[in-house]
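**Q** One structure, pasted below without further comment.
The values are calculated or read from the model by the stated rules, or taken from the named source; none is laboratory data. All figures in this text were calculated on a predicted structure; none of them were measured in a lab. Every residue, glycine among them, receives a Cβ derived from its backbone with ideal geometry; neighbour counts consider all protein chains shown.
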Ligand SMILES: Nc1ncnc2c1ncn2[C@@H]1O[C@H](COP(=O)(O)OP(=O)(O)OP(=O)(O)O)[C@@H](O)[C@H]1O
Ligand SMILES: Nc1ncnc2c1ncn2[C@@H]1O[C@H](COP(=O)(O)OP(=O)(O)OP(=O)(O)O)[C@@H](O)[C@H]1O
Ligand SMILES: [Mg+2]
Ligand SMILES: [Mg+2]
């Protein structure tokens, strides 16, 4: 009866901090989840500097890399996670399938575990102590307006194609943007990176040189920082090619504007998010938090997220919360047999349409890199600032 | 009525353009808030509906507009009251030359001109280093006061520069204590200006973004919430919010002007034979 | 009670707020500007790295220049518009009620969140926005004007939109204090409307202009959000540099930039204050 | 110097909405005359003056300066100049620049206009103050500067709206001598609005008494004071009693009344010492209040206090019958 | 009513920084007297008054009201009341509430204080205006209200700082009669600061002439006007000529001078018509300006214009030797 009075404060980006989730929690578990949606900068800041302002942090793995050493989060005991074994390999061993190659960048598993409770460094392999419980992830690529481009787009190099001068955009979040840049530079053959996820200063300089040049030439219409900006840029036709997030494509499409999440031959840049527990959480609240996590992985949220185009960390539980048509369309990359709608009821696809990029394994299998925090991050960040100011 | 010079019409036209310019976004917001249910934040319109106004009163996919609104309202009122009280007190203080008044004045000016983000950063850092919790009602409140108080103070200067000291002397002469003088004479006389200070304080607080950014803590104020909402699928619901706000302001100001007009009429009637006979 | 004691008693609340939320944060910023930072935290130290990097980077100078550029252009425009509007309100609108009504009319847009208003410029100025389509409909242009949005133009437009009123208010205030008979005297002495403006009104409005200048310059120099939204993140001013650093948890570096910005702003304002006694002119 | 311009008001009317401030006035101001416009508050003095100056539009009628209608011209084109009650000196300009302002507006070069300004300052005896700002001058000094500034345009008519009311009585008397001197020297029309009948009498070649938007009486001061036409003028000009005799209103100069053995019995109401004279008010049995101005030595030989009974006597020949 | 309080200033001094506004003044104000404080601008009149009222601290010396030093008391405790030049009526309170203000401060209940206020309004003949706001009253009406408000505290001394200067001359004369009446009725000390010597002469039981922070002369009006002690007083009170005779400064009343066949030769400088009299200024050969006030009928029998030569004659017995 006490759980009813428990209030857990969760913050994160608007991507997954959904009120529907909070309502469902209240319904299924009885306690209150307070959701605060922030932009990704504020998310990092809160996690790093205001440990008292939250109980549950809904953050991305690259943010985790930055924030973990502050000690604001506590590790989770995997033995208390019911569906732990069903979590996809990416988050445990780093391999989607036993023979997948691990992509460059801050792959989730590299910051997913710590050797023992209280440790501030990450473990090299799977342990019983998990930093974040994976919740949501996706493979990102470039979004395009096929109606305005009118020809196939196949490579990341197209982002800097002078054809799209003044009509291209990338996002202004350094840890993510640098990876998009790297994908472009590598595809252009201008730079051979040792490890895109951990560039040297020279590689960083070279990358920025190329993009600064492009920026000065007026290649970019704008840089976007929020989800919303990317949607507006694309929907209003300000931009015809840009780095984008999957639901943003969906949002553009739901307005009846053609927009494609274009799979590219060099592969995807991927990201993953998870929930972490504040180190101040204990007792009944901690128990409630575990209860919440288990509920999170039990399928309802997964289904909810997958129906927006994200992936769930435990796909098989989510399957039960999706229709066959939905599962086929979103996960298996099959032709839709009926209209596909979002969780809020907006029509996203007609029968007969296929998801851009195909099935889960096609998409997550061709991840070329993860959003990253590199060793030279401080240097990179300063360079990024210079790039923006250039 | 007098004939107006040509310059009047030129300037009036310029003024209209200026108002149009000020209202440009407001009008855009107004139009787009009537987007059809499928429409987005930009043109073209996809149908016309009041869907988003209805939607505004339902729970959003993300965030808590009304919670944030309540907090902003609460914070706005707190800031408003504090600003009025503190500015009046400080205004009274500055009427005499006390040791250090010059210094305090320059500190207040600094508070006015210091870039907002520095306040936000500094307060955030202090709370962080002292291990205090930032919260909109503590650190956020303080941060906003550094912005509203100097404005309040400047208005009080303007008010007291025009305030005739002999009113107070007359009150003292009539046996009023210092407090009675303030309570029964000074405050009633400056009351109209205090309404101005209050409105100003509330508006500045209600729309404050930069100073609250790092000082609001777990719960967002409305501007922060709107900003947060833009990180997700933003819908014309925020336009609906904007349109309602505008209509609401019009209503308030309309009521205010009507009140002033009625008062003026009443007074005119009462004093219509003033000055006749000695 | 001596006036000093009473004065300080009455000024105490103000002083407390100023000390706690202004002076202390400034001191903190200055201290932290010498600290070191890791990826995720800051640690006490005394190092000049932050300043060294700041002054070592060519970008710093470019950004400071851009900041001054925005401030200067915005100042000139808000002054021109603000002066004209204030002039109209003060000298051409006769009844006080009308003045107040027009004034309030100008303030209403400010009740709508700044961010919402900024977002709404995009459908207005965008490639397919109202402005472009109107101009195309009128046949004034064939191609959409690209520079309407995500450019210095749109940044300054937004600044002017946001801050002109801060110029109007003090100028209007000083204009209202100009004795009407001075204008008649000027006319009597054969001054044309423009000459009256140039030789009588303008000089007498200087204090108001100064105060408005102080508002506008500091607001523009401290801004970061407008520049980001309206330039589509393509331009930067000092505020953005700081906010970027903050968002990346590089507090010491942000603090160092902040200290320099603060000094710059205070210097500019200090110079302006030499020309006007704010307390008297209100 | 310049002379010979006359100023004529023809059916001049001024309306503010429903208020008629000036009602169908006709008057000719003689060349080179010093005219005082006198009347109670709100009677339309300022409105008249401001219409002449061109600071207020004419609702009806016309203003002829030297025969030509100037009512459509701008203030500067009319050949009139105005001196404002609060002086209206430009606070940001030095005394010299204030005086040279109109020259500067015409584009006269600095040296010339400063020379001209200094001449004017000489005329008003302010040459040594050229570099001061108006705020650094006393009231009387400011007034001289305002005068110099008005005169530098070589106006045909100088208009003064209560020019002396901001000065203390001492300065006021000094300045009115000054005004008169300058008007004589320049030989132009001065139209001087005032509340004070002593000022008007002292200065004017012609007094124009206004009341309720019309001119009640005009003429040389001696004529107006000595032979008021109406009860209003008699009372307003002061020094007169208006009493009813045989059903007629008559005016009787207060200094013509003496306290005698025989005469109109009355009770003393108040006694005011005035220096050389004493003003005594007494109420007659008919309830009319009559005041008498008596030489002080005569009075103090047999002083009266309020409440005492006196007999008021006068020479019948001095009673002056009023028109209204 | 109440009588019998006297007010004494003992070595009273006021300094503002380096300025000495009032310098070591000693004076006794007699009970129930109407005193006018007269002097040029800046001589310290207001400062003196405000020290008595308690609105300005005393730098040195003391103020004794009925024998007790009140200089340390608050304005309300002193038993003085002040009427301000601009009236300082509280704009947000009705006339009645303005008058009842001091009662309200004391906590008197509404009915009682309103009754009291209405009595006071009766005294100043304003009973029908109780519900108006001050802004709806004319200047003269406002002044009456201010008077009622000052008097309701039953002061022993009423202080008035230029109470009539904001009124037009007509009203001014009316109000001064009123003030005098009320002072007589109440029998308390009125100290009335004024610039105008006519006002002082008309009203005062005692005139105190100040100059340069000290009292130059005080006494009944007739004494001060008729026998000025110093050149300053003679000039300031008006109506006197100060001329040098045999190396001494003497004062000579202007109305004692006549134009005769023989006498001091002089050139007419200016002629000012004053209604019943004419003021003629003439410059003697010694360069001194002398003015004579002549009855108008006498003058106009043989009128003189500026530039003409006249002979000034007077009765030697009327020459009054000055101390300084
Ligand atoms: N601008 C105006 N608008 C409306 N009515 C006005 C205006 N100016 C003057 N009046 C009215 O016109 C009438 C005459 O005013 P005017 O100023 O000419 O009087 P005045 O004789 O100069 O009075 P005073 O001696 O008080 O200066 C008054 O009833 C006044 O209220
Ligand atoms: N608050 C003050 N601070 C400094 N000096 C003052 C102050 N008040 C008056 N003085 C100075 O003290 C002197 C006397 O001033 P006071 O006001 O008593 O003169 P006054 O006789 O009332 O003059 P007026 O007739 O102009 O009112 C003047 O030199 C004045 O400048
Ligand atoms: Mg007038
Ligand atoms: Mg004074």
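**Q** Filter the range E:59-96 down to residues that are surrounded by fewer than 21 Cβ atoms within 10 Å (Cβ to Cβ) and within 16 Å of ligand 2 (Cβ to nearest atom) and give me whichever is farthest from the other protein chains (Cβ to nearest Cβ).
**A** The selected residue is E:61.
**Q** Suppose the filter is within 30 Å of residue A:384 (Cα to Cα) and loosely packed, with under 15 Cβ neighbours inside 10 Å; does residue A:157 pass it?
**A** No: the conditions fail for residue A:157.
**Q** Kindly provide the set of residues from the range B:41-64 that are out of contact with any helix residue (DSSP H, G or I) (no Cβ under 8 Å at 6 or more places or on another chain) and within 14 Å of chain C (Cβ to nearest Cβ), ordered by number.
**A** Within the range B:41-64, B:44, B:46 qualify.
**Q** Could you grab me the full set of residues in the range B:207-230 that are more than 9 Å from chain A (Cβ to nearest Cβ) and under 18 Å from the mean Cα position of the chain (by Cα)?
**A** B:207, B:208, B:209, B:210, B:211, B:212, B:221, B:222, B:223
**Q** Continuing with this model, one more query. Is one or more of the residues making up the range B:112-125 without any contact (Cβ under 8 Å) to a residue 24 or more places away in the chain and more than 7 Å from every other protein chain (Cβ to nearest Cβ)?
**A** No: zero hits.
**Q** In addition: Out of (1) closer than 23 Å to residue C:193 by Cβ; (2) within 13 Å of ligand 3 (Cβ to nearest atom); (3) in contact (Cβ under 8 Å) with a residue 60 or more places away in the chain, what's the single condition that is false for residue D:83?
**A** (2)
**Q** Looking at (1) within 13 Å of ligand 2 (Cβ to nearest atom); (2) in contact with a helix residue (DSSP H, G or I) (Cβ under 6 Å, 6 or more places away or on another chain); (3) modelled with pLDDT of 90 or more, which one does residue E:50 not meet, given that it meets all the others?
**A** (2)
**Q** Restricting the range E:155-198 to residues that are within 10 Å of chain D (Cβ to nearest Cβ) and buried (at least 24 other Cβ atoms within 10 Å of the Cβ), which is farthest from ligand 2 (Cβ to nearest atom)?
**A** Filtering first and then ranking leaves E:197.
**Q** Also: When the residues of the range D:16-58 are narrowed to those that are near ligand 1 (Cβ under 9 Å from one of its atoms) and over 18 Å from the mean Cα position of the chain (by Cα), which ends up nearest to residue D:161 (Cα to Cα)?
**A** D:56
**Q** Now a separate question. Say whether the condition of being within 16 Å of ligand 3 (Cβ to nearest atom), assigned by TED's automatic domain parsing to the domain that holds residue D:46 and not in a strand (DSSP E or B) is met by at least one residue in the range D:170-192.
**A** Within the range D:170-192, not a single residue is within 16 Å of ligand 3 (Cβ to nearest atom), assigned by TED's automatic domain parsing to the domain that holds residue D:46 and not in a strand (DSSP E or B).
**Q** Can you give me the number of residues within the range A:149-177 that are touching a helix residue (DSSP H, G or I) at 6+ places or on another chain (Cβ under 6 Å) and in a helix (DSSP H, G or I)?
**A** 6
**Q** Would you point out the residue of the range B:237-259, among those that are modelled with pLDDT under 80 and more than 7 Å from every other protein chain (Cβ to nearest Cβ), that is farthest from residue A:249 (Cα to Cα)?
**A** Here the answer is B:256.
**Q** Oh, and also: Restricting attention to the range E:143-150, does a residue exist that is free of Cβ contacts under 8 Å to residues at least 60 places away in the same chain, assigned to a loop (DSSP other than H, G, I, E, B) and more than 16 Å from the chain's Cα centre (by Cα)?
**A** No, the range E:143-150 contains no residue that is free of Cβ contacts under 8 Å to residues at least 60 places away in the same chain, assigned to a loop (DSSP other than H, G, I, E, B) and more than 16 Å from the chain's Cα centre (by Cα).
**Q** Filter the range A:44-100 for residues that are assigned to a loop (DSSP other than H, G, I, E, B) and without any contact (Cβ under 8 Å) to a residue 40 or more places away in the chain and give the result.
**A** Correct list: A:50, A:92, A:93, A:94, A:95, A:98, A:99.
**Q** Return the only residue of E:76, E:88 being part of a loop (DSSP other than H, G, I, E, B), modelled with pLDDT under 90 and either within 16 Å of ligand 3 (Cβ to nearest atom) or within 26 Å of residue E:166 (Cβ to Cβ) (or both).
**A** E:88
**Q** If you don't mind, there's one more thing I want to ask. Quick check: is even one residue across the range C:25-36 under 30 Å from residue B:250 (Cβ atoms), surrounded by 17 or more Cβ atoms within 10 Å (Cβ to Cβ), free of Cβ contacts under 8 Å to residues at least 12 places away in the same chain and within 11 Å of chain B (Cβ to nearest Cβ)?
**A** For the range C:25-36, residues under 30 Å from residue B:250 (Cβ atoms), surrounded by 17 or more Cβ atoms within 10 Å (Cβ to Cβ), free of Cβ contacts under 8 Å to residues at least 12 places away in the same chain and within 11 Å of chain B (Cβ to nearest Cβ): absent.
**Q** Just to check your reading of the model, which residue among E:43, E:36 is assigned to a loop (DSSP other than H, G, I, E, B) and within 16 Å of ligand 4 (Cβ to nearest atom)?
**A** After ruling out the rest, the residue left standing is E:43.
**Q** Take the residues of the range E:200-217 that are in contact (Cβ under 8 Å) with a residue 60 or more places away in the chain, surrounded by fewer than 23 Cβ atoms within 10 Å (Cβ to Cβ) and under 23 Å from residue D:299 (Cβ atoms): which is nearest to the other protein chains (Cβ to nearest Cβ)?
**A** Going through the qualifying residues, I end up with E:205.
**Q** Among B:74, B:67, which is the only one that is more than 8 Å from chain C (Cβ to nearest Cβ), modelled with pLDDT of 90 or more, surrounded by fewer than 22 Cβ atoms within 10 Å (Cβ to Cβ) and within 26 Å of residue B:245 (Cβ to Cβ)?
**A** B:74
**Q** On to the next question. Go through (1) more than 10 Å from chain E (Cβ to nearest Cβ); (2) surrounded by 20 or more Cβ atoms within 10 Å (Cβ to Cβ) and name the single condition residue B:185 misses.
**A** Here residue B:185 meets the rest and fails (1).
**Q** Given the criteria in a loop (DSSP other than H, G, I, E, B) and touching a helix residue (DSSP H, G or I) at 6+ places or on another chain (Cβ under 7 Å), does residue D:307 qualify?
**A** Against the criterion (in a loop (DSSP other than H, G, I, E, B) and touching a helix residue (DSSP H, G or I) at 6+ places or on another chain (Cβ under 7 Å)), residue D:307 does not qualify.
**Q** Looking only at residues that are more than 7 Å from chain B (Cβ to nearest Cβ) and in a helix (DSSP H, G or I) in the range C:267-277, which one is farthest from the chain's Cα centre (by Cα)?
**A** C:274
**Q** Suppose we filter the range E:199-216 for residues that are within 16 Å of ligand 2 (Cβ to nearest atom) and part of a strand (DSSP E or B); how many remain?
**A** Selection size over the range E:199-216: 8.
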